[in-house]
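Chemist: Please see the structure below; I have some questions.
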Amino acid sequence: MSVETTAVEGIEPGGVYLPRPPLSEEEVRAAVQSAITRRGGAAADPVEMREALIPILSEVNQTLGYLPPEAFVEVGRQLRMPVSQLFSVASFYQMLSTKPRGRHIIQFCESAPCHVVGGRQVWTALQEALKLGPGETSSDGKWTLQTTSCIGICAVGPVLVVDADIYGNVTPAQVTEILAKYQ
Amino acid sequence: MKAVRALVLVSNDPDSLARGAQEVYRRIQDEVKAFGLQDEVSVTMVADIGRHDAVPMVMVYPEAVVYGPVKPDDARTLVEEHLYKGRVAPGLMAPAREMTGRIAWLSARKGTLPAEQRIVLERAGIIDPDDIEDYIAHDGYLALGKALTEMKPADVIEEIARSGLRGRGGAGFPTGTKMRMVARENKAKKYVICNADESEPGTFKDRLILEGDPHSIIEAMLLAGYAVGADEGFVYVRGEYVLAQTRLKKAIAQAEEMGFLGQDIFGSGFNFKLHIHSGAGAYVCGEETALIESIEGKRGEPRPRPPYPTQVGLWGKPTLVNNVETLANLPPIIRNGAAWFKQFGTPNSAGTKVYTILGNVNMTGLIEVPMGITLREVISIYAKGMRDGRAFKLAQTGGSSGSIIPAVLQDTPMDFDSYAKAGVSLGSGALLICNEDTCVVDLAKVLMNFFKSESCGRCGPCRIGTDRAYQILDHISQGVGKLSDLNDLDTLANGLNQFSNCGLGQTAAVPIRDMLKYFRAEVEAHIKLKVCPAGACAMSGIASRR
Ligand SMILES: Cc1cc2nc3c(=O)[nH]c(=O)nc-3n(C[C@H](O)[C@H](O)[C@H](O)COP(=O)(O)O)c2cc1C
Ligand code: SF4
Ligand code: FES
Ligand code: FES
């Protein structure tokens, strides 16, 4: 195999992590605490705190793998914001997840530039290999299959992302080979 | 998390192997370890680098510099210069020659391709982006010095206005005019925002500017802030762009340390604080009012306009929002003058445009060329022709502001006015070039799926209209469409265009209209004859999985 299946620098696709549920209360609290402290602590200027909200949620999401309900409670308590409001903000952004997902996240780019250079065939092969549809998680908790819009490396489309590894110029035949690399 | 910064490819075709490629590969690996770069640099052997004229060849990404023939003893220079110090090692470079496609070739050298003109990407790939001194040595912060010492804020704005610079974020709004609007607001607090949310499908120009030349954006933000009277700025960077964020963060720290950012810059009394704000995955946040909502820690739903951000922006204050590529033009314009800038491009669209070339062509990648070249030139010169000698059918110009451009328009100059006159749009600068295997129904379906998934759902015409239009297109593509569907699509397009709150919904109408305007016969074939002339569609009549 050539160039195609190697990491591309500089891009980190959304929501990439290895979730480790169940999370303990201490773990959640520590993650929230560290994210808030890094941004000046809960006593910071309210405007700055508000500007820091999404970065804080992103960091917690990255540390914990997703945003469990306890994380919202803790962020809300510290920043004095209603949990419902936090949840409404988080649910808007694709890189913030309110649900635990599989051990490996596969993201398939479904935008036009990848589509016209063979993306459609790769997508079919991928769904068949995993026996999953978009947004589904396998019953053994190994895979979550997601579609994504363009992640800006279409010069090597079709593009497929597993966790933090980006594969370009993917052919349908390579799909099983790529999947086999993951435990 | 391991983030690979550079990718080194060593050719291992039989010819290269016979000439010591294996040893070159091994020595490069050793040197990478010796410089402690093993976690950042990935070294791989590949069968086909795209050319075979100076083997063994070594190609280094992301700049795609090609070295060759490389001898084992060259490994140290190559790793030290290119990977450790971050500059191209000219002595080892292979003679300039185009490649046979298949790989993205982001040309690192000015003038590599005929008529390419680099203004915003002038330094990308040439300087070390992590080194402010390298930037300064290449005319960096010269424009800032000139503005702060020789020019009043109004002079800066007038210079930009005279240059004819227009926004590169999609709409082509005159930048000088926007600056005047913010400058005339009589408020103590104002903001400038750099829109680096770049998520238009097929577009990655802003990423390469940020990664390759982060200080140019800092300098541009300073100029913009000085011009409009703002003392605080944000660069809103797409969440996935980690390397761009890392480099920018480092650049900001260096600029602060050297006094380019901070209080009383150059003793001028001008203060400026610059923040980076990372997005969290939402295409619509590229829309300027949604972006502002997002910085304020809210759902990124576009605001109703008016009022425009120039009056009521971030935290209710007058705010200048500009695209990365637009901003990157400010320092060269201030440095060289408006007249210099106007020599490039066309009378009504001055300067250059960065395009990403994609699709069924021999060479995909990125170019910066003067405004006004044609699609035919792009395809034949820069893309090295259609792949496998197939015929060009259409191009899609990317993102919410793009159009479907039929082959009959391939001689229309690509500038704002000529395209507007022809009823099409340059979009974000992505050029997705398609051959006859691309079915227009299928393409429109993919584009509509994008709008449908990215609609923020705030207003009905957009939320319901994109979904409904997708269903209809899906039916047509399955061979179960009706002729009345075409009228329905037309009605939906009108509704989207007229009643949507923001540009996303408004421009979701464009693919439908372009499809019906230029390719009606092909669409009707799907309905009347139940065939897909391009042969791309299953025409199975079975509801698809999505
Ligand atoms: C749905 C939508 C997405 C957009 N995405 C971007 C984007 O990613 N980057 C950008 O610069 N402009 C984007 N824009 C345009 C911005 O709203 C705004 O016009 C632009 O940043 C202004 O900068 P300019 O005058 O320099 O072009 C988008 C607009 C819409 C409606
Ligand atoms: S047009 Fe669409 S994306 Fe824009 S505000 Fe309305 S629902 Fe949201
Ligand atoms: S379209 Fe797939 S990465 Fe851009
Ligand atoms: S409709 Fe699918 S390709 Fe024609």
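Chemist: Going by amide H atoms built from the backbone, whose H comes under 5 Å of the H on B:Thr374, apart from near neighbours?
Modeler: The answer is B:Met414.
Chemist: P(r) tail for region B:164-203, what percent of Cα pairs lie past 13 Å?
Modeler: Numbers: 505 of 780 pairs.
Of all Cα-Cα pairs in region B:164-203, 65 percent lie more than 13 Å apart.
Chemist: Any cysteines in chain B with zero other Cys Cβ atoms under 4.7 Å from their Cβ? List them, or say none.
Modeler: Flagged as lacking a Cys partner: B:Cys194, B:Cys285, B:Cys434, B:Cys439, B:Cys456, B:Cys459, B:Cys462, B:Cys502.
Chemist: Taking the Cα-to-Cβ direction at B:Thr77 and at B:Ala253 and moving 7 Å from each Cα, how far apart do the two end points lie in nm?
Modeler: With each label placed 7 Å out from Cα toward Cβ, I get 3.3 nm.
Chemist: Dipole of region A:25-92, Cα-centred, from +1 at each Lys and Arg C-beta and -1 at each Asp and Glu C-beta, to the nearest 20 debye? Please list the in-between numbers first.
Modeler: Values: 6 positive and 9 negative charges, 35 e Å.
Roughly 160 debye for region A:25-92.
Chemist: Using a cut-off of 18 Å between alpha-carbon atoms, which aspartates and glutamates can reach A:Lys142, once sequence neighbours fewer than 8 places away in the same chain are excluded?
Modeler: List returned: A:Glu128, A:Asp163, A:Asp165, A:Glu177.
Chemist: So, one more: To one decimal place, what Kirkwood hydrodynamic radius in Å is obtained for region B:366-518 from all pairs of distinct Cα atoms? Before the final figure, lay out the partial values.
Modeler: Working: mean 1/r = 0.0623 Å⁻¹.
Kirkwood hydrodynamic radius for region B:366-518: 16.0 Å.
Chemist: Now a separate question. Write down, largest first, the equivalent ellipsoid semi-axes of chain B in whole Å, where each equals the square root of 5 times an eigenvalue of the alpha-carbon gyration tensor.
Modeler: Numbers: eigenvalues 276, 234, 83 Å².
For chain B, the semi-axes come out at 37, 34, 20 Å.
Chemist: Please label the shape of region B:440-541 as rounded, prolate or oblate, based on the square roots a ≥ b ≥ c of the eigenvalues of the alpha-carbon gyration tensor (a/c under 1.5 means rounded; beyond that, a/b larger than b/c means prolate, else oblate). Display every interim value, and only then the final one.
Modeler: Values: a/c = 2.19, a/b = 1.90, b/c = 1.16.
It is prolate, given that a/c is not under 1.5 and a/b is the larger ratio.
Chemist: Further question: Within chain B, which DSSP H helices have Cα atoms that stretch 15 Å or more along the helix axis and a mean Kyte-Doolittle hydropathy of at least 1.0? Before the final figure, lay out each step's value.
Modeler: On the way: long enough: B:21-34 (19 Å, -1.09); B:153-163 (16 Å, -0.05); B:214-228 (22 Å, 1.15); B:242-258 (24 Å, -0.09); B:440-454 (21 Å, 0.69); B:460-477 (25 Å, -0.35); B:484-499 (22 Å, -0.41); B:503-518 (23 Å, 0.13).
Counting only whole DSSP H runs, the qualifying helices are B:214-228.
Chemist: How large is ³J(HN,Hα) for each residue in region B:312-320, as worked out from phi by the Karplus curve 6.51 cos²θ - 1.76 cosθ + 1.60 (θ = phi - 60°), to whole Hz, x for Gly and Pro?
Modeler: Using θ = phi - 60°, the values come out as 10, x, 4, 6, x, 9, x, 9, 9 Hz.
Chemist: May I pose another question? What residue among A:Gln33, A:Gln127, A:Pro68 has its Cα farthest toward the positive end of the dipole of chain A, where the charges are +1 on Lys, Arg and -1 on Asp, Glu, each on the Cβ?
Modeler: Comparing the listed Cα positions along the dipole, A:Pro68 ranks first.
Chemist: Once the Cα atoms of the protein assembly as shown are picked out, what are the Rg and Dmax in Å?
Modeler: Expressed in Å, the Cα Rg and Dmax of the protein assembly as shown come to 25.0, 74.
Chemist: Okay, helix-only estimate at 222 nm for the protein assembly as shown: each DSSP H run of n ≥ 4 adds -39500 (n - 2.57), divide by all residues, round to 500 deg cm²/dmol; what do you get? Working shown, then result.
Modeler: Details: 26 runs with 268 residues, N = 729.
Result for the protein assembly as shown, helices only: -11000 deg cm²/dmol.
Chemist: Shielding by partners for B:296-303, please: the mean number of other protein chain Cβ atoms within 10 Å of each residue's Cβ. Each step should come with its number before you reach the end.
Modeler: Numbers: counts 5, 15, 7, 8, 4, 1, 0, 0.
Taking the mean over all residues of the peptide, I get 5.
Chemist: Just want to confirm a number: the relative contact order over region B:132-339, from Cα pairs under 8 angstrom separated by 6+ residues, in percent.
Modeler: Computed value for region B:132-339: 31 percent relative contact order.
Chemist: Got a sec to turn the phi values of region B:420-433 into Karplus ³J(HN,Hα) couplings, 6.51 cos²θ - 1.76 cosθ + 1.60 with θ = phi - 60°, whole Hz, x for Gly and Pro?
Modeler: Values per residue, Gly and Pro as x: 4, 4, 7, x, 10, 9, 6, x, 8, x, 7, 10, 8, 9 Hz.
Chemist: Would you work out the charge dipole size for chain A about its Cα centre, treating the Cβ of every Lys and Arg as +1 and the Cβ of every Asp and Glu as -1, and quote it to the nearest 20 debye?
Modeler: Numbers: 14 positive and 19 negative charges, 57 e Å.
Roughly 280 debye, rounded to the nearest 20.
Chemist: Connecting C-alpha atoms closer than 10 Å in a GNM of chain A, tell me which of A:Pro68, A:Pro113, A:Pro82 has the biggest fluctuation.
Modeler: Residue with maximal mean-square fluctuation among A:Pro68, A:Pro113, A:Pro82: A:Pro82.
Chemist: Determine the shielding of peptide A:52-61 by partner chains: average, over its residues, the number of Cβ atoms on other chains within 10 angstrom of each Cβ.
Modeler: The per-residue average across the peptide is 4.
Chemist: For B:Asn323, enumerate residues with amide H under 5 Å from its amide H, sequence gap 5+ or separate chain, H modeled in the peptide plane.
Modeler: Distant-sequence amide H within range of B:Asn323: B:Arg168, B:Gly169, B:Asn195.
Chemist: Quick one: grab Rg to one decimal and Dmax as a whole number for region B:349-435, Cα atoms only, in Å.
Modeler: Over region B:349-435's Cα set, Rg and Dmax evaluate to 11.5, 35 Å.
Chemist: State the three equivalent ellipsoid semi-axes of region B:397-461, derived from the C-alpha gyration tensor as the square roots of 5 times its eigenvalues, in descending order and whole Å. Mind showing how you got there, number by number?
Modeler: Values: eigenvalues 109, 54, 16 Å².
Here the semi-axes work out to 23, 17, 9 Å.
Chemist: Using the Cα centre as the reference, give the magnitude of the dipole from point charges on the C-beta atoms of region B:403-485 (Lys, Arg: +1; Asp, Glu: -1; all else neutral), rounded to the nearest 20 debye.
Modeler: Working: 7 positive and 10 negative charges, 96 e Å.
Approximately 460 debye in magnitude.
Chemist: Step through the residues of region A:112-117 one at a time and calculate ³J(HN,Hα) from phi using the Karplus curve (6.51 cos²θ - 1.76 cosθ + 1.60, θ = phi - 60°), rounding each to whole Hz and writing x for Gly and Pro.
Modeler: These are the phi-based 3J(HN,Hα) values: 4, x, 6, 4, 6, 9 Hz.
Chemist: Could you compute Rg(Cα) / (2.2 N^0.38 Å) for region A:86-157, with N its residue count?
Modeler: 1.22
Chemist: Taking the alpha-carbon set of region A:128-174, what are its Rg and Dmax in Å?
Modeler: Just the Cα atoms of region A:128-174 yield Rg and Dmax of 11.6, 34 Å.
Chemist: Quick one: which residues, 5+ away or cross-chain, put their amide H under 5 Å from the amide H of A:Val159? H built at 1.01 Å from N.
Modeler: A:Cys109
Chemist: Using a basic spin-label model with each label point 7 Å from the Cα along Cα→Cβ, how many nm lie between A:Thr176 and B:Glu150?
Modeler: Label at A:Thr176, label at B:Glu150, 6.8 nm between them.
Chemist: Here is a follow-up. In whole Å, largest first, what are the principal axis extents of the Cα atoms in region B:132-339?
Modeler: In descending order, the Cα extents are 41, 36, 32 Å.
Chemist: Quick check: at a probe of 1.4 Å, how many percent of the accessible area of the protein assembly as shown sits on carbon and sulfur atoms? If you can, show how the numbers build up before the last one.
Modeler: Numbers: 13760 of 26710 Å².
Here it works out to 52 percent.
Chemist: Longer than 20 Å from Cα to Cα, which of B:Lys187/B:Lys273; B:Lys421/B:Lys445; B:Lys452/B:Lys530; B:Lys152/B:Lys190; B:Lys353/B:Lys393; B:Lys384/B:Lys421 are they? Say none if no pair is. Please list the in-between numbers first.
Modeler: Working: B:Lys187/B:Lys273 17 Å; B:Lys421/B:Lys445 26 Å; B:Lys452/B:Lys530 26 Å; B:Lys152/B:Lys190 18 Å; B:Lys353/B:Lys393 23 Å; B:Lys384/B:Lys421 28 Å.
The pairs that break the limit, which is 20 Å between Cα atoms, are B:Lys421/B:Lys445; B:Lys452/B:Lys530; B:Lys353/B:Lys393; B:Lys384/B:Lys421.
Chemist: Considering every residue in A:91-99, what mean count of other chain Cβ atoms within 10 Å of its Cβ is obtained?
Modeler: Numbers: counts 1, 14, 9, 9, 8, 4, 1, 0, 0.
Average neighbour count from other chains, rounded to a whole number: 5.
Chemist: For the pair A:Ala129/B:Leu483, report the inter-label distance in nm, with labels modelled 7 Å from Cα in the Cβ direction.
Modeler: So the label points at A:Ala129 and B:Leu483 sit 4.5 nm apart.
The values are calculated or read from the model by the stated rules, or taken from the named source; none is laboratory data. This one's a predicted model, so the numbers in the text were calculated from it and none came from an experiment. Counting neighbours? That spans all protein chains shown, and the Cβs are built from the backbone with ideal geometry, glycine included. With ligands, DNA and RNA removed, areas are computed over all heavy atoms of the protein, side chains included. Shrake-Rupley method; radii C 1.70, N 1.55, O 1.52, S 1.80 Å.
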